[in-house]
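The values are calculated or read from the model by the stated rules, or taken from the named source; none is laboratory data. Since the model is a prediction, treat every value here as computed from it, not as a measurement. Counting neighbours? That spans all protein chains shown, and the Cβs are built from the backbone with ideal geometry, glycine included. The area values use the complete protein model at the heavy-atom level, side chains included, leaving out ligands, DNA and RNA. Shrake-Rupley method; radii C 1.70, N 1.55, O 1.52, S 1.80 Å.
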Amino acid sequence: MLLKNITDVFFDLDHTLWDFDKNSEMAFDAIFKKNHPDVDTTLFIEKYIPINQACWKLYQNDQISHNQLRYDRLKLSFDALGYAISDAAIHQMAIDYIDLLPENNFLFEGTIDILEYLHKKYTLHIITNGFAAVQDKKVRNSNLEIYFKTITNSEMARVKKPNPIIFEHALEVANTKKEQSVMIGDCLDADVNGAINAGLTAIFFNPNQVPVDPKIKQVKHLLELQNFL
């Protein structure tokens, strides 16, 4: 069912438009081949993905710092893999990873097509908890910047999703109102519930078809957004 009176569409970036897991795996593969050839990238990624998600949740809720996030997600992954590595090597890898990550540009299927469709009808924006310099580079390297009027990150707002302040900040920067805005993202807590609690409409991007309350608007493929917008 088409949403009425919407003028502005806000997107999350990682795991919604930008294929974080695929690009992350490529970055780690390059690092391991150069510095840690004994590490199997596929096995590492199996450990890393849930650990990274857990660390990000702690970071979103201000339970760990930016630097702790970058260290913990690597240290805990190597521990789970049973691979011995020094703290110095982990700190260097954290730097190398952030440098390499935005060099890869895989997007979710349908990203460009849906943005081409939407930007002719709405003003588009991004709200992300990612680090400003990294997120800006992802957007540029993926040729996404032409579609978005504003990009709000947690460093600018000084809070992270799901805190309503970041949504309020994004609305102010976008010069729009919550009643005419919709948020689209892959995280129920940060994107969907965060947006709803801030007064926006929300659509859950759910490619893995996680069971959710039927009242929640959702799509499993980005092109399905045409059913709402």
Breaking point among (1) closer than 21 Å to T7 by Cβ; (2) in contact with a helix residue (DSSP H, G or I) (Cβ under 7 Å, 6 or more places away or on another chain); (3) open to solvent by 50 Å² or more (accessible area, probe 1.4 Å), for E155: (1)
From the option list L171, L118, single residue qualifying as open to solvent by 10 Å² or more (accessible area, probe 1.4 Å) and among the aliphatic types (A, V, I, L, M) is L171
Just one of (1) open to solvent by less than 50 Å² (accessible area, probe 1.4 Å); (2) modelled with pLDDT of 95 or more; (3) in contact with a Lys or Arg (Cβ under 7 Å, 6 or more places away or on another chain) trips up P102, so point out which. (2)
Quick check on this structure: which one of V192, V134 is assigned to a helix (DSSP H, G or I), farther than 20 Å from F106 by Cβ and β-branched (V, I, T)? V192
Residue ID - nearest to P164 (Cα to Cα), chosen from residues in the range 18-77 that are open to solvent by 70 Å² or more (accessible area, probe 1.4 Å) and of a type in the set (K, R): K57
Determine, yes or no, whether L171 is farther than 30 Å from Y71 by Cβ and either assigned to a strand (DSSP E or B) or not aliphatic (A, V, I, L, M) (or both). no
Residues that are in contact (Cβ under 8 Å) with a residue 12 or more places away in the chain and closer than 22 Å to I184 by Cα, at least 2 per element: which helices (runs of 4 or more DSSP H) completely within the range 1-116 meet that? 20-35, 41-60
